[in-house]
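Student: Can you read through this structure? Questions will come right after.
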Amino acid sequence: MSETEAAEVTPNTVDDNLTFADLGLDDRLLRGLAKLNFTKPTPVQAKSIPLALAGKDILAKARTGSGKTAAFMLPLIHKILAVKDVLPANSPEATATRGLVLVPTVELAGQVTAFTNNILLFCGRAVNVLNIAGKQNDKVQQPLLATMPDIIISTPSRILAQLKLNAVDLKTHFQTLVIDEADLVCNYDYEEDVKELLTFLPKIFQSFLMSATLGDDVDSLKQLVLRSPAILKMEDKAMDSTWDNLKQLYTICSETDKYLILYVLLKLKLLKGKCIIFVNDIERCYRLKLFLEQFSIPSVVLNSELPLNSRVHIVEEFNKGIYDYMIATDEGGLKGEKEAEEASVQEIVEESKEADLEDEEEQDEDEEDEKDEKEDEEEDDGIPEGDLEMEFDGSEGEDLDEGEDELEAMMKASDNEDEEDEESAMAEMQGSATPDSKKRKAPEDDSKTASVAASSSSTKSKKKSGPKKDQEYGVSRGIDFVNVAAVVNFDFPPTAKSYTHRVGRTARGGQMGTSLSFVVTAEEKEKSIKASQLLGGGGWSHMQGDDEIVFNRVVKQQEASGCTINPYTIPMQQLAGFRYRMDDAMRAVTRGSIREARLKELKAEMLNSEKLRAHFEDKPKDLEFLRHDKTLHPTRVQPHMKHVPDYMMPKVQAVSSQKIGETAGLGQITYKKKAQNSTRKGRQGKGANSGGKKNDPLKKFSFGGNKNKGGKRQRTA
Ligand code: AMP
């Protein structure tokens, strides 16, 4: 399309006194905004809304957190209201789809839909919105599309599928196309879908392209959908201050020390506030959850295997502050990233080494599993066999073994589904999540996921069976996580881009945030393997790393943008007292227990998902009983591990006098001796956030003790 017009906007051109009313928006929208307590437009809204109302195409560099959803949705709705207001009451023209919002993930679709419904609060029935992302069942979807909703929110592949089936008409009265998170849309290989989709649209319509970056990656989309757009490059410090407010830390450690460090950080509340802990695959989600459970540290998991409704609800609840710790995978967001290819040679070498090693260890692990299963049976682990039987097809005669076989097949399928894909293979070699195939598939909908899990399949094939990972799952990008104090890269991300997106989940909306990344070097990996052997295998040998390649790339990338990642040095000898507990807890987490936990969670979430479906449709007020962080292996919770006795408290002198740029000793745990004499009540009875300052030695700790009065990025968590 035609050349873009340079109409770049800088923040100082935004009038601070501007209100939404000044932008000329419909009154009904202004009331909706007031109800949301949006008192004044954010810069991207202030700039884009008048231009959009004047009919301009918009290309905006705006990230999640900048208020970009309202920036495109308000003018889109305003235009629909304006058209419908002047049509006679029963005009057939009143019923038509006029707006299409394309998003890369089902999570984002849910978020944009929820926001739109809030904005529409005072619009009565004048405008309705339909989210079709993530729903695959045409029988459900097509009657809804037949009502010709004013606005459709979808992933590109989903709407394209419906357009091809003639289930929706976007030609007749269509007005506005939005591509939200356009860089991700490209990253998810949706360009071809978008190209094809354009053939179903009229020649003239208004377009918005919102993207976190305006680089080459979105070039082709720009050319495809925009005509002489106004280009907005927002540098909104108030809403988009991630990098200034983010303190980035890393620690080099072994695989097993990751568990020890995280346990201590969480147990002693050295990491305060809400925390997202990223791991690289689903199995590790449950491994970590089961590990933490034993210390009575509850967490909620979020991964692509869970039903969509559960995922949406989990994010909602996490944002409300119901859970402190979320263990998440971001496998959906890794597609097509260059780094996997760049690292291919190294990874191929690593893979073959790992394959050899795993072959050797597999045998030990199988023996270990058998032993565990026997133990579990003897101990009555709280998961009645009947539960497992019911899981697969509801028939009464199915036995536990078959159920477990099924789950195993399912999990293998889930873990290996994109095996042939070169990129996935690369990522798998790193022990990371599987990037999706270049050949896109429509997303799995809840019922499909449920039915696949529930159906009895005899196949033991590794591929293409069982509840698949949702191809359009994305948690590290686009989703608006609120008030996240810290991000922990428990597993170092497989790409530098993924690192950026993960750590970008904290330090949002002008708040401070910390990221801590565990980096397992080749040397540490060797040690880990030895340690794993000492622990008797138990699946712990599935080591992550070597993380150095990606880590070095991340460091360079951060330096190029003027940011630093500082070492967080933990005096491991001070944690010696915790180590035997960690070993104990690690031993208790076997492949068998992970498998059971995963099954139990899946089953619970499928039931939850049904309830949530009703919830999302009818919006009942109270769903508090539906917690997602329940203990998955209750008999393994060891009451004595819940508390930390005085003698185990690490005593480390503060290393807080470091100057900016000095790294030695940066970020050590600080501890004031006086605190040792305080009572246990002082330590345990009062949480780090619940007052009791004088008695609580945990108050004396600080995560990242490096004081840096001048530098914003040096603030403690
Ligand atoms: P977004 O960038 O669209 O994901 O929005 C980020 C967050 O900012 C969301 O939680 C919005 O509800 C919120 N938000 C958007 N616009 C405004 C505004 N004008 N005033 C206050 N909050 C806003």
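The values are calculated or read from the model by the stated rules, or taken from the named source; none is laboratory data. Keep in mind that what you see is a predicted model, and the values were worked out from it rather than measured. Counting neighbours? That spans all protein chains shown, and the Cβs are built from the backbone with ideal geometry, glycine included. The area values use the complete protein model at the heavy-atom level, side chains included, leaving out ligands, DNA and RNA. Shrake-Rupley method; radii C 1.70, N 1.55, O 1.52, S 1.80 Å.
Student: Looking at segment 543-568, which of its residues are modelled with pLDDT under 85 and surrounded by 20 or more Cβ atoms within 10 Å (Cβ to Cβ)?
Tutor: Matches in segment 543-568: MET543, GLN544, GLY545, ASP546.
Student: Just checking, does segment 19-34 include any residue being among the aromatic types (Phe, Trp, Tyr) and in contact with a helix residue (DSSP H, G or I) (Cβ under 6 Å, 6 or more places away or on another chain)?
Tutor: Taking segment 19-34 and keeping what is among the aromatic types (Phe, Trp, Tyr), we get 20.
Applying the additional criterion that residues be in contact with a helix residue (DSSP H, G or I) (Cβ under 6 Å, 6 or more places away or on another chain) yields 20.
Yes; the residues of segment 19-34 include at least one that is among the aromatic types (Phe, Trp, Tyr) and in contact with a helix residue (DSSP H, G or I) (Cβ under 6 Å, 6 or more places away or on another chain).
Student: Further, regarding this structure: Please state which of the following conditions THR635 fails to meet, knowing it meets all the rest: (1) at pLDDT 65 or above; (2) open to solvent by 60 Å² or more (accessible area, probe 1.4 Å); (3) hydroxyl-bearing (Ser, Thr, Tyr).
Tutor: Only one criterion is unmet by THR635, namely (1).
Student: Moving to a separate point now. Taking LEU100 as meeting all but one of (1) surrounded by 16 or more Cβ atoms within 10 Å (Cβ to Cβ); (2) more than 27 Å from ALA230 (Cα to Cα); (3) away from the ligand (no atom under 16 Å from the Cβ); (4) under 26 Å from the mean Cα position of the chain (by Cα), write down the number of the exception.
Tutor: (2)
Student: Find all pairs meeting these conditions: Cβ atoms under 8 angstrom apart; at least six residues apart or on different chains; first residue within segment 60-77 and under 15 Å from LEU25 (Cβ atoms) and open to solvent by 10 Å² or more (accessible area, probe 1.4 Å); second residue within 6 Å of the ligand (Cβ to nearest atom) and assigned to a loop (DSSP other than H, G, I, E, B).
Tutor: Listed pairs, sorted by first residue: GLY67/PRO41; GLY67/THR42.
Student: Looking only at segment 11-33, how many residues end up being closer than 20 Å to ALA126 by Cα and within 11 Å of the ligand (Cβ to nearest atom)?
Tutor: Number satisfying all stated conditions: 1.
Student: Next question, about the same structure. Tell me which residues, restricted to segment 103-147, are open to solvent by 20 Å² or more (accessible area, probe 1.4 Å) and aliphatic (A, V, I, L, M).
Tutor: ALA114, LEU121, ALA126, VAL129, LEU130, VAL140, LEU144, ALA146
Student: Only residues in segment 27-43 that are touching a residue at least 60 places away in the same chain (Cβ under 8 Å) count as the first member; pair them with residues that are within 10 Å of the ligand (Cβ to nearest atom) and aromatic (Phe, Trp, Tyr), Cβ under 9 angstrom, at least 6 apart or cross-chain, and list the lot.
Tutor: LEU29/PHE20; GLY32/PHE38; LEU33/PHE20; LEU36/PHE115
Student: Can you pull out the residues in segment 458-509 that are within 16 Å of the ligand (Cβ to nearest atom), farther than 27 Å from ARG158 by Cβ and at pLDDT below 75?
Tutor: GLY509
To keep it simple, each residue is scored yes or no on (1) free of Cβ contacts under 8 Å to residues at least 12 places away in the same chain; (2) in contact with a Pro (Cβ under 6 Å, 6 or more places away or on another chain).
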{"site": "GLU107", "(1), (2)": "no, no"}
{"site": "PRO143", "(1), (2)": "yes, no"}
{"site": "MET148", "(1), (2)": "no, no"}
{"site": "PRO156", "(1), (2)": "no, no"}
{"site": "GLU181", "(1), (2)": "no, yes"}
{"site": "LEU201", "(1), (2)": "no, no"}
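Student: I would also like to ask the following. Only one residue in LEU221, LEU268 is open to solvent by less than 10 Å² (accessible area, probe 1.4 Å), farther than 30 Å from PRO202 by Cα, more than 20 Å from the chain's Cα centre (by Cα) and modelled with pLDDT under 90, so which one is that?
Tutor: None of the other options fit; the residue is LEU268.
Student: Does ILE119 fit the bill of being in a helix (DSSP H, G or I) and within 16 Å of the ligand (Cβ to nearest atom)?
Tutor: yes
Student: Please enumerate the residues belonging to segment 495-528 that are touching a residue at least 60 places away in the same chain (Cβ under 8 Å), open to solvent by 10 Å² or more (accessible area, probe 1.4 Å) and of a type outside the set (Lys, Arg).
Tutor: Scanning segment 495-528 gives HIS501, GLY509, GLY510, GLN511, MET512, THR521, GLU524.
Student: Restricting to segment 54-74, give me the number of residues that are within 14 Å of the ligand (Cβ to nearest atom) and on the phi > 0 side of the Ramachandran plot.
Tutor: Within segment 54-74, residues that are within 14 Å of the ligand (Cβ to nearest atom) and on the phi > 0 side of the Ramachandran plot number 2.
Student: Right, next: Residues TYR263, TYR250: which one is under 30 Å from PHE518 (Cβ atoms), at pLDDT 90 or above and in contact with a Ser or Thr (Cβ under 6 Å, 6 or more places away or on another chain)?
Tutor: The conditions single out TYR250.
Student: Residue check: is LEU163 outside any helix (DSSP H, G or I), among the hydrophobic types (A, V, I, L, M, F, W, C) and under 32 Å from the mean Cα position of the chain (by Cα)?
Tutor: When the stated conditions are applied, LEU163 does not pass them.
Student: Another question, then. Would you mind telling me which numbered condition in (1) more than 30 Å from HIS501 (Cβ to Cβ); (2) within 11 Å of the ligand (Cβ to nearest atom) ASP85 fails?
Tutor: Of (1) more than 30 Å from HIS501 (Cβ to Cβ); (2) within 11 Å of the ligand (Cβ to nearest atom), only one is false for ASP85: (2).
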